[in-house]
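One structure is given here, and the rest of the page talks about it.
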Amino acid sequence: MLQPESSTDYDVLIVGGGSAGLCSGIWLARCGINFKILERRDGPMQHGQADGVQCRTVEVFESFGIEGPLLREAYHVLELAFWAHSDGIGLDEPDAAAAARVDGGDGGVVSKKAGEQKTEGIAKTHYAPDTEPGISHMPHVILNQARVNSIMTEEMTRTAGRDMIEYGVEVLDVSVDQEQAEDPGAYCVSVTAKMDGATKHLRAKYVIGCDGAHSIVRKSLGFQMIGDSHDAVWGVMDVYPRTNFPDIRKKALINSEAGNLIIIPREGDYLARFYIELPNYAGAAADITLADLHEKVWRIFRPYEMDIADTTWWSVYVIGQRRADHFTAAHRVFLTGDACHTHSPKAGQGMNVSLQDGYNLGWKLGAVLRGRAAPGLLATYVSERQKVAAELIEFDRYFTRLFSTAYRTEHGITPEHFREQIVRSGRYISGQALKYDESAIVCLGGARDSAKRLEVGMRFPSAQVVRVCDAKAMQLVRAIPSDSSWHIVVFAGDIRDVEASARLDQVSHELSSILREFVPKGTEADSILHVVLVLSGRRTEIEMQHIPEVFTPMTGRLKLKCLLNVFSDDQSYNSGHGHAYESYGIEPKVGALVVIRPDQYVSKVCGLGEVGQLGSFFAGFMKRAADQYI
């Protein structure tokens, strides 16, 4: 379906080659969509400002099968260290002699001034896990945004079979023909851009605006950013520290009398990022120098030595929270990432939320453009991600206040209360608190008690299972990759039981009917509706020939029986027992059916006697087989 490079008409034009655009691009490449990314930079990003990759984003990479380099190269955040002001040198502080170094005087070193005696400073107060135990099978990691983007770019290029990014393109204007927008096949969006020194006019069916806080796409549409800025000023710098501070290789939150500082260890063994509160610089952010940041850092870390051997990057920013008043124009142009929401970087949400905007939108555009879903599906991008943006901004306001020395002093927030609030925020920060509201693709009805620990509208959590055909222990989410298909996971219980076996036969009969209704002839069923079976009981007593054919279809050019979609919740040889049924709150004697979206969010839960509901559910957004044209 991808068309020649010379075409000026595209199904999708993506303005901006950042995290949101690249994530959408992976989806579109996998769906065979004719698209192009227009990037203002002359080449790939070399040094990104973002670096925190939350658990949910690592799960997204896993769903695309590209988590390997991310996990290998990144710093893994496992523990939070809390430090606070302490009167006198305590057990966690160095002795006075070690703390009394002479300034090196080379401009790149900050240390304690000669002769100054120190009797108070910071002391360690608490350690806590960085993420709530059991919240995800994937870790929170740190990796430079440039490398994160390059991993996605490599996958997009591999899948599409060619480079999909046009560098050095300045987009000048974007407009929508409102009358043509009513025609699903119309190239109703016009994009004017300066390319190769000439002004060119491109057309697209859809445009994704991923061009940052100063978005030309947003401005062209006349949309406004609504919100405010605060007086809070923070500095940030990537440094190679020479220090005796014991937690320099941990994520650390320091509350001192001189201000607040956050340590984010970076990939490699020595680089670290410091976020530094600058409470006395309100209204004068532009006047702050690198020397000011160095001096501030030295004061915050006292009585520990802190020599900045090298600073590779630094910046100063004024905190603000803003959100676009509209996320779409005629459901033909969509804003993502910083183009529609901006906030402070301290909670590590920017790159993650932006990437997940693209993750939400890309598969929906692919489904519509392939003729599998009605255009109305695209409205759910706006309803779902506008809510996420609003929640993000409210959280960021709360988080900003929590890190403000003035606010904590005014409201009597103690180090203990600060620590408690940070720990409680962990689920949100890790990306696991998001819950989509009811819509055509989120059904809150049905027998939700069939899976008591699953939340409809939230991401499907993983649990270990054992694949029946080869005894391989694996995470269940690896059986439901982001390949644009919907997933129907049947928890049938122990089919050694006659009643459970008969129930599974009935479920398979009804599922076969659903597949015939929505999968065109000649199309492999699992490319649209992918069916997975999870049994309970002893795997070695399950005979594959007794598994209904809907779970073991003939696939591929040679039409070979696929045995890879049948699993058991059983003891593995080397990885223990995953207890999947217990994790999901499913009673083996009752069973459950879970419908999971292409982006791995739970769409519907029902009982095994309610399979007939799936027909009307899918018909609410998916075209029936006779109406699909691709």
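Given the structure, is Glu73 modelled with pLDDT of 95 or more, within 14 Å of the chain's Cα centre (by Cα) and open to solvent by 10 Å² or more (accessible area, probe 1.4 Å)? So Glu73 does not fit the description; no. Within the span defined as the stretch 158-176, every residue fails to be farther than 30 Å from Ala286 by Cβ, surrounded by fewer than 22 Cβ atoms within 10 Å (Cβ to Cβ) and touching a Pro at 6+ places or on another chain (Cβ under 6 Å).
Can you tell me which residues in the stretch 299-322 are of a type in the set (Phe, Trp, Tyr) and in a loop (DSSP other than H, G, I, E, B)? Hit for the stretch 299-322 is Tyr304, nothing else. For the stretch 466-501, residues that are part of a loop (DSSP other than H, G, I, E, B) and either of a type in the set (S, T, N, Q) or within 25 Å of Leu377 (Cα to Cα) (or both) total 6.
Return the residue satisfying two criteria in turn: it lies in the stretch 480-521 and is over 30 Å from Glu62 (Cα atoms) and small (Gly, Ala, Ser), and of such residues it is nearest to the chain's Cα centre (by Cα). In this case the residue turns out to be Ser513. The residues in the stretch 466-479 that are open to solvent by less than 30 Å² (accessible area, probe 1.4 Å) and closer than 13 Å to Ala580 by Cα can be counted, and the count is 4.
Scanning the stretch 136-157 for residues that are assigned to a helix (DSSP H, G or I) and of a type outside the set (Ser, Thr, Tyr) yields Gln145, Ala146, Arg147, Val148, Asn149, Ile151, Met152, Glu154, Glu155, Met156.
Given the options Pro184, Pro133, name the one that is closer than 18 Å to Tyr10 by Cβ, assigned to a loop (DSSP other than H, G, I, E, B), open to solvent by 20 Å² or more (accessible area, probe 1.4 Å) and not aliphatic (A, V, I, L, M).
Values: Pro133 fails: closer than 18 Å to Tyr10 by Cβ.
Going through Pro184, Pro133 in turn, the sole match is Pro184.
Among the residues of the stretch 323-359, the one identified as at pLDDT 95 or above, surrounded by fewer than 24 Cβ atoms within 10 Å (Cβ to Cβ) and either assigned to a helix (DSSP H, G or I) or among the polar types (S, T, N, Q) (or both) is Thr328. Filter the stretch 240-252 down to the residues that are part of a strand (DSSP E or B) and open to solvent by 20 Å² or more (accessible area, probe 1.4 Å), then identify the one that is nearest to Ile413 (Cα to Cα). By that ranking, first place goes to Lys251.
You will find that of Ser482, Ser512, the residue that is touching a residue at least 24 places away in the same chain (Cβ under 8 Å) and surrounded by fewer than 21 Cβ atoms within 10 Å (Cβ to Cβ) is Ser512 and no other.
Only one entry in Ser190, Ser220 is polar (S, T, N, Q) and assigned to a strand (DSSP E or B), namely Ser190. Here Asn255 meets each of (1) closer than 30 Å to Ala390 by Cβ; (2) out of contact with any His (no Cβ under 7 Å at 6 or more places or on another chain); (3) open to solvent by 10 Å² or more (accessible area, probe 1.4 Å) with one exception, condition (2). Per the listing Arg401, Arg424, the residue uniquely under 21 Å from Ala252 (Cβ atoms), in contact with a helix residue (DSSP H, G or I) (Cβ under 7 Å, 6 or more places away or on another chain) and of a type in the set (D, E, K, R) is Arg401.
Just one residue in the set Asp51, Asp42 is among the acidic types (Asp, Glu) and touching a helix residue (DSSP H, G or I) at 6+ places or on another chain (Cβ under 8 Å); that residue is Asp51. Glu62 meets the conditions (1) modelled with pLDDT under 95; (2) closer than 30 Å to Ile26 by Cα in every case but one. The failed one is (1).
The values are calculated or read from the model by the stated rules, or taken from the named source; none is laboratory data. Just so we're clear, the structure is a prediction, and the values are computed from it rather than from any experiment. We place every Cβ from the backbone using ideal geometry, glycine too, and count neighbours over all the protein chains shown. Note: accessible area is taken over every heavy atom of the protein model, side chains too, but ligands, DNA and RNA are not part of it. Shrake-Rupley method; radii C 1.70, N 1.55, O 1.52, S 1.80 Å.
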